[in-house]
Structure formats: C-alpha cells, structure tokens
Amino acid sequence: MPLSMKILSIDTSCDDTSIAVVEVENKRFKILSNIISSQVELHTKYGGVYPTLAKREHQKNLVPVLKKALKQAGLLNLKFKVQSSKLQSKVKSLEKILEREEILRPELVKFLGKYQKPKIDAIAVTAGPGLEPCLWVGVNFARALALWWDLPIIPVNHLEAHILANFVNEKSWQRSDLSKKEKNIIKAKRGLTFPAVGLVVSGGNTQLLLIKDIGKYKLLGETRDDAAGECFDKTARILGLGYPGGPAIAAQAAKFSIFNFQFSNKIKIQLPRPMINSQNYDFSFSGLKTAVLYDYKKRRKAVRESEEYKIATAREIQQAVIDVLLKKTSRAAKDFKAKTIILGGGVAANNELQKQFKVYCLKSTVDFWVPPKNLCTDNAAMVGITAIFHFQNQKKWDKIKPNANLII
Ligand code: KG4
C-alpha cells in the first residue's frame, strides 16, 4: 500500500450515482467525501431498477455529484484562464469516449473547461459486476476524466469493495450498539485477521467467500436464484410496502415486538428456510418469495391488508433470511477455521441481522466486522478504499472496459 495517496472513485453499478474522494496516509483511510445520489424515487414507481432508465439518471447526476464530491474534499477550484485551443484535440477524444452518453457529454465538457485538475493521484471506478448500461456510463466517465487530467485508472470489483469497506476504520465495532462489556471484549482484539469468511449480501448478489488475505478469495457458495436483497424487494412489493424492500421490511418487522402482545395469536405465519440444511454453501431465495405470495393470496382481503398481517409477515421474512444466512456463514466459519466473519452489501445494514450475527460471534470466538451503515449500501468510498489496496493495477484510460459478470 502506498504511504500517501488520494483517489477519486466512482460507482454506477446499479441505481445509485456515487463519487468519493478517499485518502490514505500511513495505512489509515480518510473519506474526504462520499456523495450518493439515489434514484429510489424513480425506481419506486416501477418496484425495481430498469437499467436504461438508471443509465439516463447516472448521465444527469454524474457532473453535479462530481462537483459536490470535489467541493466537500476541498479540491474544487476554478481555472485562472480560459481553455487554450491546443486542448481542442483532447475535446475530440473526450467526445469520442462519451459518444453514447449524449446527456453527460456537454455537461462534462463545460465542467472541465471551468475547473482545474484536482490534486488526486488516480481515478478508481467499478468495472463490474453490475447492470451493464450503468457500468458503461461510470467507466466512460472515468475514462474521460483520466484522459483529460492525465491520470491512471484503477478498475475495481464491486463485490470486493463491499468486503473492503470494512477497512474504513478499525473501530467499526464501536459504531454498533454494543454494551460496555462487549466493547471491552472487542478492544482486546485488534485489526482484521484472516482467514475470514465473507458474506456479501445485496440486491444483486448473495455470495459466501473464503478470504485468505486481501485479494485472495475463494467463492464457497452463492445464490442459485434471487439474491437476499432481491427477496426483500420482491416480498415488500407483494405486501405493498414500497421500494427498496429491505429497509421497508425491517421497519415493519421492528414493530413486531411492540405490538406482539396485541395480535400474536391472531396471525400465524410460517415461511420456509430454503436450503438451510443442504450440505453446501449455496443459497436460494425465490421459494421464500413464492411462499409469501401464496400466503398473501390465501388470506382474506381484510386480513392481508391489515397492519398486523404486514408486521407479522415482514418479521417472518426477515427472520427466514437471517436464519439461512447465519446458518451457512457460521458453518463455513467452522469448516474453514475462520478467525473473522465479515459482512458487506446493502442487506448487511439490517439491524436485526447485525444483532444476530454479533450474538453468534460473541458466543463463539470469531471476530465480527460490518461496515458503518452508509458504507454497507452502494457507495464510491468503498471503491476508493479497494483501489488503494490494488494501486499497482493502474491502467491507461483506453485499456479498461466494464464486465457486468465480473467474478471475485
Ligand atoms: O448493496 P446495495 O446498495 O446495492 C446492490 O444491490 O448492489 O443493496 C441494495 C439492497 C436492496 O435489495 C435493499 O432492499 C437491501 O439492500 N437493503 C436492506 C436494508 N437496506 C438495504 N435489506 C435489509 N435491511 C436493510 N436495512
């Protein structure tokens, strides 16, 4: 790892446009900015993400998000003089790179004519996996900036970034709701130790990894159909709870203990825990979604539209997902004698999931790491952190392209 370095990082893998500036100094990361422009409102209308719509939004958002990220990092400075004519050839190359990004192109040309090159050492961008049209906008944007500012690009694997988000600081533990006693146990442990088992749970992925060291990963298992986040999104839609489904289900489920005494006997719902006992590390969540749909359909209208039904069902969905994730992850940790369990991805932001993993890890002798919530869901800071670990993997702007199916 370099002693000191500043990176501008970009993530457009799904429906969030995010740009960050991350600095490393003596192995400590500092997030100077991490701007996320969410497209939730747009996708709420459709109950999911439409790649071409998302691509259009990224094109609109990238320049304003870049401005905010540089400004917050103290790196946005106006040019002293107007652009000279010798730059015209660069404009041509830049326009060629952004040939297909017709909304973004004029905005970026204007921006680059107005502001100075920021004091950064490289540009990092998510190269995959993700939605192909979305990845292309981000990568082309990074290529255009790299060409203009004459900087190298570091392509980043989005899944690895979810894992390495845990390195943002070594105090992740203190951020969660730990008791004093628990904090003292944690204080005794220092740093993230390997081998570790990593669980990446998001809207697009559910993967269990054996992590021997940074950069040394082995895929142990993954979902055979829907990802855990996708299951939350789809079941929330069935229940009419909105998008994204994970936080909506979690909010309903949290009401259960408050209202439990009032209706616990009224509504009984038991959902399956797919593949929980299978002798592998794979997952399957589409059966859970179907079971929710069947249960919903068989209920009387008055029942399925009642708050009690939504709360009881949300709680059972959340618990079914947690049961499967915890069982498989803890089994992998035992089988591979892991010293640490590492979570990452949007679903890892779930309070109840964090709580139950924490309880398991405190009982066994395994360390538990989860990023702060704003770094669980998609963000560019995690892309910058990952790029710093792989800073030797620098590429020229014309040597990179996205890969929607990139594996870890
Ligand atoms: O990692 P992410 O932001 O995007 C990708 O899919 O790459 O994850 C988004 C997913 C969505 O499916 C969302 O419903 C889920 O993470 N999610 C949650 C929570 N917050 C976001 N799931 C459960 N509980 C949450 N608190």
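The values are calculated or read from the model by the stated rules, or taken from the named source; none is laboratory data. Values in this document were obtained by computation on a predicted structure and should not be read as measured data. Positions of Cβ are backbone-derived with ideal geometry, glycine not excepted, and every protein chain shown enters the neighbour counts.
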Legend entry - Failed item in (1) touching a Lys or Arg at 6+ places or on another chain (Cβ under 8 Å); (2) within 30 Å of L94 (Cβ to Cβ), with A320 passing the rest: (2)
Inset, instruction - Give the residue that is surrounded by the most Cβ atoms within 10 Å (Cβ to Cβ), with candidates limited to residues of the stretch 199-214 that are more than 16 Å from the ligand (Cβ to nearest atom) and β-branched (V, I, T). - result: I211
Legend entry - Residue satisfying all of: in the stretch 343-370; among the β-branched types (V, I, T) and farther than 20 Å from A320 by Cα; modelled with the lowest pLDDT among these: T365
Inset, instruction - For the stretch 291-303, indicate whether the set of residues that are over 20 Å from G240 (Cβ atoms) and either within 14 Å of the ligand (Cβ to nearest atom) or outside any loop (DSSP other than H, G, I, E, B) (or both) is non-empty. - result: no
Legend entry - The listed residue being on the phi < 0 side of the Ramachandran plot, buried (at least 21 other Cβ atoms within 10 Å of the Cβ) and more than 21 Å from the chain's Cα centre (by Cα), out of L104, L159, L131, L87: L104
Inset, instruction - Identify all residues within the stretch 304-337 that are surrounded by fewer than 16 Cβ atoms within 10 Å (Cβ to Cβ), of a type in the set (D, E) and assigned to a helix (DSSP H, G or I); write none if there are none. - result: E307, D323, D335
Inset, instruction - Keeping to the stretch 354-366, report how many residues are away from the ligand (no atom under 12 Å from the Cβ), surrounded by 18 or more Cβ atoms within 10 Å (Cβ to Cβ) and touching a residue at least 60 places away in the same chain (Cβ under 8 Å). - result: 1
Legend entry - Checklist (1) within 23 Å of P272 (Cα to Cα); (2) more than 15 Å from the ligand (Cβ to nearest atom) applied to N351, failing item: (2)
Legend entry - Residue tally, condition under 19 Å from I36 (Cβ atoms) and either among the polar types (S, T, N, Q) or out of contact with any strand residue (DSSP E or B) (no Cβ under 7 Å at 6 or more places or on another chain) (or both), over the stretch 134-159: 2
Legend entry - Any hit, the stretch 16-31, residues being of a type in the set (S, T, Y), buried (at least 22 other Cβ atoms within 10 Å of the Cβ) and within 19 Å of the chain's Cα centre (by Cα): yes
Inset, instruction - Provide a single number: the residues in the stretch 376-395 that are surrounded by 24 or more Cβ atoms within 10 Å (Cβ to Cβ), of a type outside the set (S, T, N, Q) and not in a loop (DSSP other than H, G, I, E, B). - result: 7
Inset, instruction - Return the total of residues in the stretch 325-345 being in contact (Cβ under 8 Å) with a residue 60 or more places away in the chain and within 17 Å of G229 (Cα to Cα). - result: 6
Legend entry - E307, sole failed condition from (1) within 30 Å of D335 (Cα to Cα); (2) at pLDDT below 95: (1)
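For residues that are in contact with a Pro (Cβ under 7 Å, 6 or more places away or on another chain) and surrounded by 14 or more Cβ atoms within 10 Å (Cβ to Cβ), tally how many sit in the stretch 41-75.
Going through the stretch 41-75 one residue at a time, the tally reaches 4.
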Inset, instruction - Taking E99 as the residue in question, decide whether it is closer than 12 Å to S13 by Cβ, assigned by TED's automatic domain parsing to the domain that holds V49 and not aromatic (F, W, Y). - result: no
Inset, instruction - Could you grab me the full set of residues in the stretch 398-408 that are crowded, with 18+ Cβ neighbours inside 10 Å and either at pLDDT below 95 or within 19 Å of Y217 (Cβ to Cβ) (or both)? - result: L406, I408
Legend entry - In the stretch 215-261, residue nearest to the ligand (Cβ to nearest atom) [restricted to those that are among the aromatic types (F, W, Y) and surrounded by 15 or more Cβ atoms within 10 Å (Cβ to Cβ)]: F232
